[in-house]
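Asks: Mind having a look at this structure? Questions to follow.
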Amino acid sequence: MRKCISIDSVKCDTIMGALIFVKKIVNLLNPFAFLGIKRYSIIYSFVVSVIISILSEIYANWIVGDPMAVGTYIILVNVLTIIYFSFRDGIRGGLTAVAVSVAYYFYIIYTREYEGSRFVSGVETTVTLGVVYSIIAFVIGFLKQQVDNLIEREADQRRNLQAIIDQLPVGVVVADRNGKVTHANKFLETLLKKQVPIGYTIKNNAPLASDDHTHISEPLFQTITTGKPVKGKEISIHRPDGKLKHVLLSTSLVHNKKGKIIAAASILNDVTQQKEIESRKDDFVNMASHELKTPITSMKLYLESLTDKITKLNDQKATKILNSIKYQTKKLEELVTELLDITRIQTGKLLLSKEKFSLNDLISETVSEFQGSTPSHEIQFVNSYSTNIYADKFRIYQVLTNLLTNAIKYSPGHGKIKIGMQRNNTNVIVYVKDQGIGIRKEEYKKIFDRLYQVTSAVEKTFPGLGIGLFISKEIISKHNGSIWVESSVGKGSTFYFSLPLKKEK
Ligand code: ADP
């Protein structure tokens, strides 16, 4: 016998499926179900069978007025009764009905005063019927036992699975391939502060537990319908108690042995605490950066007045030291600006101040500025096209600076750096190509993430915070452009960014 799969719609052998169906009907027809099946199984079967015999007697003697009118109908009624009780109460219930029926037949033989061959044939028929009835009771009782075992096993599997998922420290909700919710664990209900209705069928855009949980049911629905799992989707849950929960939601598919999708599960990881810590860290960085800005501004003012004095002194050594201090102060200022930009991005406050300007001029100026301060590297501006764009000039300069700084930093010692432009009808593409250490393909996307740095032995030796490319990506995407990299480890990298040529609204 094939096992049923509890999270799939019950799929057993056809006969078993039919028997389970019959059992459901029998249970529905059971007026004493509330008394409990086991305790009353024989009594109920006995009482009903006796009542049937009495009714049959009333029918023959008083309604029809002929005691011999007890005919084939009683056999039919008894067979149905035996089938019913065998199915309801098992072999014991069926045999009780058989015993009462056979006793009733002997009662008929006795009260109708059968004699001679009639008596013999009456006894023979009764015994034969008794045997046939017993076989029916045994067969159906046995099948009922199998169905019960199967249902019990199913229930056991469900209970075990439920017990396991209830122990998980993440929210879990499982739906079958029709979108019917089959399991949800305690953690999920605590997380949502709502009960998840088992048996409820989720549909597109239909909420799972209340109006505000559409975003939980939707990915699950999408996964079932498209067969594509969702990975780590960040969602916020506004709970009925007013609390806001941050959750990472992932979905996965459950296949049967034939590879057919039978269910999908959503796993909800509560990341509220991490989010709060992160937000406190961001607040701290933001505050510290603001606090640093004031002394840096003062330092710059003092440096300016010192420059005048040292220029007058014409002291070579002092001038060199002063230039170094100026350079380091500039670096410090850039770092503080980057840290503040991170907070601006996080809070959606990175605003653009767009103007029309010549991109090729901006690139030329930036290259000259870099070439002046980096004698170790040769920076060439190739493929220059006269191109006016409508963008935030300072922010685009920031991107160019970041890409050139990285190109220099990750090409230790020396090397040629090429910066160039490409154009088509709709976009201009700027690229920065170095001959440095290169980047592995699996890092291509990650390096644009916040605070991400490649951590292999070579990259570890370079200083940095892993925020430059994150800010560049945000700036470019705010201009409706894109930024990407192509690289070959040990040979160098080329970073590209594209910007639309048409003035965006
Ligand atoms: P940072 O350079 O401060 O670490 P970025 O966000 O600018 O941060 O860069 C992220 C990571 O990408 C770097 O840590 C580095 O591993 C890699 N990377 C960036 N530019 C280059 C480059 N031109 N060549 C090789 N690796 C690079």
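Asks: When the Cα atoms of region 219-344 are enclosed in a convex hull and the volume is divided per residue, what value in Å³ results?
Replies: Once divided by residue count, the hull of region 219-344 is 172 Å³.
Asks: Given 25 °C and 0.890 mPa s, compute D for region 69-132 with the Stokes-Einstein relation, Rh being the Kirkwood radius over Cα pairs; round to the nearest whole µm²/s.
Replies: The Stokes-Einstein estimate is 201 µm²/s.
Asks: So, counting K/R as plus one and D/E as minus one, what does the shell of residues with Cβ under 12 Å around PRO67 add up to?
Replies: With Lys, Arg at +1 and Asp, Glu at -1, the neighbours total -2.
Asks: Using only Cα atoms, what Kirkwood radius does region 400-505 have, in angstroms?
Replies: In region 400-505 this quantity evaluates to 14.3 Å.
Asks: Report, as a whole number in µm² per second, the diffusion coefficient that Stokes-Einstein gives for region 34-112 at 10 °C and 1.306 mPa s using the Kirkwood radius over alpha carbon pairs.
Replies: My calculation gives 123 µm²/s for D.
Asks: Mind checking the log10 I(q)/I(0) for the chain at q = 0.05, 0.06, 0.11, 0.13 Å⁻¹? Debye, one equal scatterer per Cα, no solvent, two decimals.
Replies: Computed log10 I(q)/I(0) values: -0.46, -0.56, -1.08, -1.24.
Asks: Any idea what the dipole of the chain comes to, in debye rounded to 20, about its Cα centre with Lys/Arg Cβ at +1 and Asp/Glu Cβ at -1?
Replies: Approximately 1380 debye in magnitude.
Asks: Per q in 0.16, 0.18 1/Å, what log10 I(q)/I(0) does a Debye calculation on the alpha-carbon atoms of region 354-395 return?
Replies: -0.47, -0.57
Asks: Then there's this: Rank the residues SER373, SER384 as a footprinting-exposure proxy: fewest other Cβ atoms within 10 Å of their Cβ go first.
Replies: Ascending Cβ contact count within 10 Å gives the list SER373, SER384.
Asks: List ASP66, ASP166 from most exposed to least, where exposure is judged by having the fewest other Cβ atoms within 10 Å.
Replies: ASP66, ASP166
Asks: Right, here's the next one. Would you mind computing the Rg to Rh ratio of region 248-294 from its alpha-carbon coordinates, Kirkwood style for Rh?
Replies: Computed over Cα atoms, the ratio is 1.48.
Asks: Taking Cα atoms of region 433-489, Rg/Rh with Kirkwood Rh, to two decimals?
Replies: 0.97
Asks: Something else now. Just want the ordering: HIS479, HIS255, HIS246, from fewest to most Cβ atoms lying within 10 Å of their own Cβ.
Replies: Least to most surrounded, the residues fall as HIS255, HIS246, HIS479.
Asks: Which of the peptides 137-144, 301-308 is most tightly packed, and how do the rest follow, going by the mean number of other Cβ atoms within 10 Å of each residue?
Replies: Going by the mean number of other Cβ atoms within 10 Å, highest first, we get 137-144, 301-308.
Asks: Let me ask something else. Any idea what log10 I(q)/I(0) is at q = 0.16 Å⁻¹ for region 366-416, Debye with uniform C-alpha scatterers and no solvent?
Replies: Those come out to -0.53, one per q.
Asks: Something else now. Using mean Cβ contacts within 10 Å as the protection proxy, how do 92-103, 319-330, 219-230 order, highest first?
Replies: In decreasing order of mean packing, 92-103, 319-330, 219-230 become 92-103, 219-230, 319-330.
Asks: Inverting the mean 1/r over all pairs of different Cα atoms, compute the Kirkwood radius of region 326-380 and quote it in Å.
Replies: 13.9 Å
Asks: Over all distinct alpha-carbon pairs, what is the Kirkwood Rh of region 103-183 in angstrom?
Replies: 17.7 Å
Asks: Quick one: what Rg and Dmax do you get for region 300-339 from the alpha carbons, in Å?
Replies: 11.6, 37
Asks: When the helices in the chain are scored as -39500 (n - 2.57) per DSSP H run of 4 or longer and the sum is shared across all residues, what 222 nm value do you end up with, to the nearest 500 deg cm²/dmol?
Replies: One gets -18500 deg cm²/dmol as the mean residue ellipticity at 222 nm.
Asks: What FRET efficiency comes out for THR72 versus GLN145 if R0 is 41 angstrom and r is the Cβ-Cβ distance? Round to the nearest 0.05.
Replies: 0.85
Asks: Right, another one. Please report the net charge: other residues with Cβ closer than 12 Å to the Cβ of SER411, K and R +1, D and E -1.
Replies: +3
Asks: Let me ask something else. Residue by residue through region 369-376, which ³J(HN,Hα) values in whole Hz follow from phi under the Karplus form 6.51 cos²θ - 1.76 cosθ + 1.60 (θ = phi - 60°), with glycine and proline marked x?
Replies: Taking θ as phi minus 60°, the curve returns 4, 6, 4, x, 9, 10, x, 5 Hz for region 369-376.
Asks: Would you kindly compute the Cα radius of gyration of region 318-431 and its largest Cα-Cα separation (Dmax), both in Å?
Replies: Final numbers for Rg and Dmax: 15.9, 53 Å.
Asks: So what is the diffusion coefficient of region 275-377 in µm² per second by Stokes-Einstein at 4 °C and 1.567 mPa s, using a Kirkwood Rh over Cα pairs?
Replies: This corresponds to a translational diffusion coefficient of 77 µm²/s.
Asks: Let me ask another. 5 Å is the cut-off here: which amide hydrogens, built 1.01 Å from N in the peptide plane, fall below it relative to ILE417, excluding neighbours closer than 5 in sequence?
Replies: HN-HN under 5 Å from ILE417: GLU378, ILE379, GLN380.
We did not get these values from a lab; they are worked out from the coordinates using the rules stated. What you see is a predicted model, and the numbers here were worked out from it, not measured in a lab. We place every Cβ from the backbone using ideal geometry, glycine too, and count neighbours over all the protein chains shown.
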